[in-house]
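The values are calculated or read from the model by the stated rules, or taken from the named source; none is laboratory data. The structure presented is a predicted model; accordingly, all values stated were derived computationally and were not measured. When we count neighbours, we look across all protein chains shown, and the Cβ atoms used for this are built from the backbone with ideal geometry, even at glycine. Quick note on the areas: whole protein, heavy atoms, side chains included, nothing else; ligands and nucleic acids left out. Shrake-Rupley method; radii C 1.70, N 1.55, O 1.52, S 1.80 Å.
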Amino acid sequence: MPNAKNFVAIGKLSKEEILSLITAAAAAERQPNRQILAGHIVATLFYEPSTRTRLSFETAANRLGAKVIGFSDPKVSSTTKGETLNDTIQMVSNYADVIVMRHYLEGAALYAAEISPTPVINAGDGAHEHPTQTMLDLYSIHKTQGTLDDLDICLVGDLKYGRTVHSLIQAMRHFRPRFHFVAPQELAMPDEYKQQLDRWGIPYQEHHDLSPEVIGQCDILYMTRVQRERFQDLGEYEKVKDLYVLRAAMLQDARENMKILHPLPRVGEIAYDVDATPHAYYFKQAENGLYMREAIICSVLGKSLEE
Ligand code: CP
């Protein structure tokens, strides 16, 4: 009967657990290279493409002294011969101490966690959740703002299919945020998430334009990519893909402390001239992912990063 400590859904984390992971990530950042996972094996099973998530998990494992096995493309696994996810997880849990999995199906990580005797970390399941991205987002917000409390956060772009924004609003519920949602009607924040915010008493405003006025009201401007891979009808994708392009000239009224985050990759929604502004933080955010993923791997394996 599986009883491993998994990391599958951000909504399961308490405020104290979130803050504890942020403290652990800061400890990892101060000293990223240690041998505390020597003798451990981390498996990375990626059924969908990835650059940052897979490479930062693998770097985190290597920097902590673990060894890495896995695949970055299911075509090179026995999935192509018809092996089920159940059987793959049963097999890999014989070989590895922790399984990091990205899958195209919503709920795949929860399913894997339910059947796996070794811990499972969700590296993204369809349009559902991306909880380790959320933790690195929270670490980035905390580092740049000095707090997670009482912040104005603007989410821009694909709020319908964007798993990173769905996970972020759930995690921020502990910290009294105020949200602005900027999206076209076709990609608006789904009702289920707005109803959750209503239940939690968290205010939000919806906009169709990314105006300097909206930008001037936020501490965090969280840009997202319109995800071509989530559309059944590519005509619909073509209609919305270029609606929001953030340019340096649009930042003239931005608060001094305002930072721009993006889970990346970007495909045009942040112009290159933004990179040189003091508001750009997305590459540092991706670097923060390494430290947070060291903290998460240690957490599920019951290891401490505290000095
Ligand atoms: N942010 C993120 O998940 O990036 P990758 O798809 O490159 O892993």
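Miscellaneous remarks
- Of all residues in segment 238-279, those being of a type outside the set (A, V, I, L, M, F, W, C) and in contact with a His (Cβ under 8 Å, 6 or more places away or on another chain) number 3.
- Against the criterion of being acidic (Asp, Glu), under 26 Å from Ala286 (Cα atoms) and without any contact (Cβ under 8 Å) to a residue 24 or more places away in the chain, Glu106 qualifies.
- Qualifying residue in segment 217-231 (condition: in a strand (DSSP E or B), open to solvent by 80 Å² or more (accessible area, probe 1.4 Å) and in contact with a strand residue (DSSP E or B) (Cβ under 7 Å, 6 or more places away or on another chain)): no
- When the test is whether a residue is in contact with a Cys (Cβ under 9 Å, 6 or more places away or on another chain), farther than 20 Å from Asp137 by Cα and open to solvent by 20 Å² or more (accessible area, probe 1.4 Å), Ile41 does not pass it.
- All conditions in (1) touching a strand residue (DSSP E or B) at 6+ places or on another chain (Cβ under 8 Å); (2) small (Gly, Ala, Ser); (3) over 30 Å from Lys239 (Cβ atoms) hold for Ser167, with the sole exception of (3).
- Residue in segment 8-30 that is more than 16 Å from the ligand (Cβ to nearest atom), β-branched (Val, Ile, Thr) and surrounded by fewer than 17 Cβ atoms within 10 Å (Cβ to Cβ) present: yes
- Criterion (crowded, with 24+ Cβ neighbours inside 10 Å, away from the ligand (no atom under 16 Å from the Cβ) and more than 29 Å from Ala28 (Cβ to Cβ)) met by exactly one of Ala183, Ala188: Ala183
- For segment 49-106, filtered to residues that are surrounded by fewer than 17 Cβ atoms within 10 Å (Cβ to Cβ) and of a type in the set (Asp, Glu), the residue that is nearest to the ligand (Cβ to nearest atom) is Asp73.
- Every residue from segment 110-167 that is within 16 Å of the ligand (Cβ to nearest atom), under 25 Å from Ser93 (Cβ atoms) and not in a helix (DSSP H, G or I): Ile121, Asn122, Ala123, Gly124, Asp125, Gly126, His128, Glu129, His130
- For segment 191-206, the criterion of being open to solvent by less than 40 Å² (accessible area, probe 1.4 Å), of a type in the set (A, V, I, L, M, F, W, C) and under 24 Å from Asn288 (Cα atoms) is satisfied by no residue at all.
- Of all residues in segment 31-48 being within 26 Å of Tyr282 (Cβ to Cβ) and polar (S, T, N, Q), the one that is nearest to the ligand (Cβ to nearest atom): Thr44
- Residue within segment 240-248 that is open to solvent by 60 Å² or more (accessible area, probe 1.4 Å), more than 16 Å from the ligand (Cβ to nearest atom) and over 17 Å from Leu159 (Cβ atoms) present: yes
- Residues considered: Val274, Val300. Of these, the only one that is touching a residue at least 12 places away in the same chain (Cβ under 8 Å) and closer than 21 Å to Val214 by Cβ is Val274.
- Every condition in (1) in a helix (DSSP H, G or I); (2) open to solvent by less than 20 Å² (accessible area, probe 1.4 Å); (3) at pLDDT below 95 holds for Glu236 except the one numbered (2).
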